[in-house]
Structure formats: structure tokens, C-alpha cells
Amino acid sequence: MEPTRTPITKRDSQGHELSIKPGAGNPADGTVVLRIQGPISAETSRALDHYLRARLPPEYTHVALDLSATTLLTAAGVRVLTEHARRLVARGRRFSLVAPNSHVMGILNLTSASSVVKVYDTVSLAIVDARKSAPAVAGEPGPAAARSAGPEHVLGLRMALHTKPAITQAAGLLQGRYGLGENQAFQLLGDSAQRHGLTVHHLAQAVLATPAPGRGAEWFPGRRRRPEPFVTFCARPPGDRGDHAAMMAAFFSTVLRYFATARGALHLTEASGRPMWLDRRQGLSARVAYHLVEPHRDCQPVALALTGRRRVIVTDILAYTSIPVAARSVLADSGLRAMHSTPMVSAGGECFGAITAFHTEPGHEPTGIQCAKTDHAAAEVAEWLAWHRETLVKDALEDLHSGG
């Protein structure tokens, strides 16, 4: 079935028009190109969403959106693009974006959508890449098409779907609080995060976890800055002072060294009661990491360490029935047979995350000395994270407030 060549148009309340123009489809390689002209706003994104859901012929296994004439991309537009990327990839089809301008590319990077959806400079490059993994029978997504996304791409989809809601909610909150447009709110969030060495997701979590500012010029009037806590578990160069990523990397590598393993994962949370996110991993495949993105669903020992504020030791992953069967199978197939998760608890009793070490030998248990050294490091890094939240994160929030 050839897609209709008649452009689909949608005009928003401000008179701006979005046009969806199907290009030449080629059933031989399963590719259809859609040229998106105009703004993908909260209103017009609904037309794009409907088109991608209802008007794509089934024989086209590669959908490429030409964004060279797209003048605006809002949060609603990003949501449509990432949701359809996930949906089409799950069905063995490909979804790519082509030739985005600097504005559109900036929004894709800011929202991490560029790590979820493949982006190409030209239509021809997208088509050539699609041909390399096209299914043998048009309309029937075979193994090559299912593999084309790759485990890393599927992991990126799940991580983005886990972190993007916080970013979208925070941007919406800033819109209402300061009377900003969608793009202005995203830009303010991204610029403030970059200036203060935070990820956009980290700052978004802080926006959502922190009570709204009063009517004054300052969000935290009378705030006293305290010096950065000293940590003893690693030696850090002066240039790393206050550097969140550097501190997490040092803590992560130190604990894995304590436990004599090259396999581990670090989960963080901005504040008690907020969802955890997978900050980093080592020695774990994308298939394994996929089941660590939402530990409360797929890897309960990590979630139990956070909520119970105590170490959780699993000596035999295959026999630990609290982990879903699918996750246990993936862990075991990857050679992981034992694990233990240590919470990062401050002196005030607040838990900032959990670090997990994996081992290949069933029955493995950490020694008392290993646990004591790790508990000491975890307590120190929790105090550092408390300081970081009260100092550098609040600096970023003040920056948001003054910029809004």
C-alpha cells in the first residue's frame, strides 16, 4: 500500500501550521520518508501522533522523519517521537530522524531523546543504514530487523522513558511558575544544569522534590553555605571539588575494588521517596542493565537496600524468587550468580542510593572487612551528597529562580 502523497496539515491556535508530507516510499527496502514542516507543538503534535499510529502502511518497516523544515519542537513533540520509537522498535520496525536543525537537535540532546532515536544527517544515510538490516520479507520484521535496534538502543529507550517524565514535569512546573513557553522552560533547565555540573534529570528531580520558592528574589533566603565534607576513601585532585560525576566515579570504583569484582551498578535518588535512577554500571551488558533501570520491579534486592537502609545479600540469584523469572534468567545467562546491595545512608538517616556488586560464583558472600570498609565509604559519600544537594544543587535552583 502506497502512502497518500496528500500533505496532512494541522493549524494551532496561534495560526502556525504543521505539514506532514509523505515522500516516495520504497517497499523493496521497507522505507518511507515523512517530511515534517512547521512547528511540532503541544497542539500540532497530536496530528503527528495520529498519523504515526493510524496511517503508516504495514509494509514499511523503516519510518524516517525529515526534520530539516521543522521550526519548533516542544516537550509534547519529544514525547510523541520517543513513544513511537519505542512502539515501532518493539514491533521489529525502525524509526529514525533526519537532518534536524540546530534548535531541534538541541532539544533532542537536552531531553536525551537523541540517545533513544537514531539521528542521521541525510535521508540517504538513514536509508543505507536501514538496508543493512532490512528483513527478508517486506512487512514481516525478521530477526535482522529485531536486532537492528540492539540491546544498547533498547536500554536507552527504557532509561529515557524512566527519566524523561521527571524532566517533562519539572519543565511544566517552571512554565506555570514563571510564565514560560515550553522551549524556554527546557532551555532554562538545561542551561542551569550545565552551569552547575548536573545532569538535566538530576536538576529536574531537585525541582520536583523542593518546595516552591516564596515571592522574594531568593529561593533560599538566609541560606548558609558549609564547606565540602572531606572523604577518606579516595584521594581527589583539587579540580574535582564539588564535582558530582567525579565523586560518584571515585566511590563506585573504590567499592568495586573493596569487593574484588569488576561488575557493579550504582543507583541514586535525589531525595527520600523519589524514584531511583541508574547512575552508572561496569562489567554488565545492556541486557542486564535493562533489568536494573527500575529495581523496584526487576531487581528487588537493590530496592530493598534503599527502603530498608540495610545491606541485602543474595548468595544464589537463581534461587532468589523475589527477582522476576525473566530478570533472573538474564542475570544467570550473563554469568552473574550472586549479588549484594549496600545503601548510602547519611548520619541523619537519609538514603541517597545503593551500590550493588555482582559475582560469578554462587554462594559468594562479602567478608566482614569488605562490608565495614564499604559501609564507611557509603556513609561518607552520603554525607557528601547531602552537602552537594544543600549547596550546589540549591545554587542551581537559585539560578533557575533568577533566570525565570
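Scanning the range 274-319 for residues that are farther than 17 Å from residue 164 by Cβ, in a loop (DSSP other than H, G, I, E, B) and either acidic (Asp, Glu) or under 19 Å from the mean Cα position of the chain (by Cα) (or both) turns up 284, 285, 291, 292, 299, 316. Would it be correct to say that residue 204 is farther than 28 Å from residue 249 by Cβ and either surrounded by 15 or more Cβ atoms within 10 Å (Cβ to Cβ) or at pLDDT 90 or above (or both)? Against the criterion (farther than 28 Å from residue 249 by Cβ and either surrounded by 15 or more Cβ atoms within 10 Å (Cβ to Cβ) or at pLDDT 90 or above (or both)), residue 204 does not qualify. Restricting attention to the range 33-64, the residues that are in contact with a Leu (Cβ under 8 Å, 6 or more places away or on another chain) and among the aromatic types (Phe, Trp, Tyr) total 1.
Residue-by-condition table, conditions (1) without any contact (Cβ under 8 Å) to a residue 60 or more places away in the chain; (2) closer than 30 Å to residue 242 by Cβ; (3) surrounded by fewer than 21 Cβ atoms within 10 Å (Cβ to Cβ):
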{"site": "295", "(1), (2), (3)": "yes, yes, no"}
{"site": "334", "(1), (2), (3)": "yes, no, yes"}
{"site": "354", "(1), (2), (3)": "no, yes, no"}
{"site": "368", "(1), (2), (3)": "yes, no, yes"}
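When you go through 232, 254, 261 one by one, which is the residue that is in a helix (DSSP H, G or I), more than 27 Å from residue 109 (Cβ to Cβ) and in contact (Cβ under 8 Å) with a residue 12 or more places away in the chain?
Values: 232 fails: in a helix (DSSP H, G or I); 261 fails: in a helix (DSSP H, G or I).
Step by step, each of 232, 254, 261 is checked, and only 254 is in a helix (DSSP H, G or I), more than 27 Å from residue 109 (Cβ to Cβ) and in contact (Cβ under 8 Å) with a residue 12 or more places away in the chain.
Selection of the range 346-384 for residues being within 15 Å of residue 269 (Cα to Cα) and touching an Asp or Glu at 6+ places or on another chain (Cβ under 9 Å) yields 346, 352, 353, 382, 384.
The values are calculated or read from the model by the stated rules, or taken from the named source; none is laboratory data. Quick caveat, the model's predicted, so the values are computed rather than measured. When we count neighbours, we look across all protein chains shown, and the Cβ atoms used for this are built from the backbone with ideal geometry, even at glycine.
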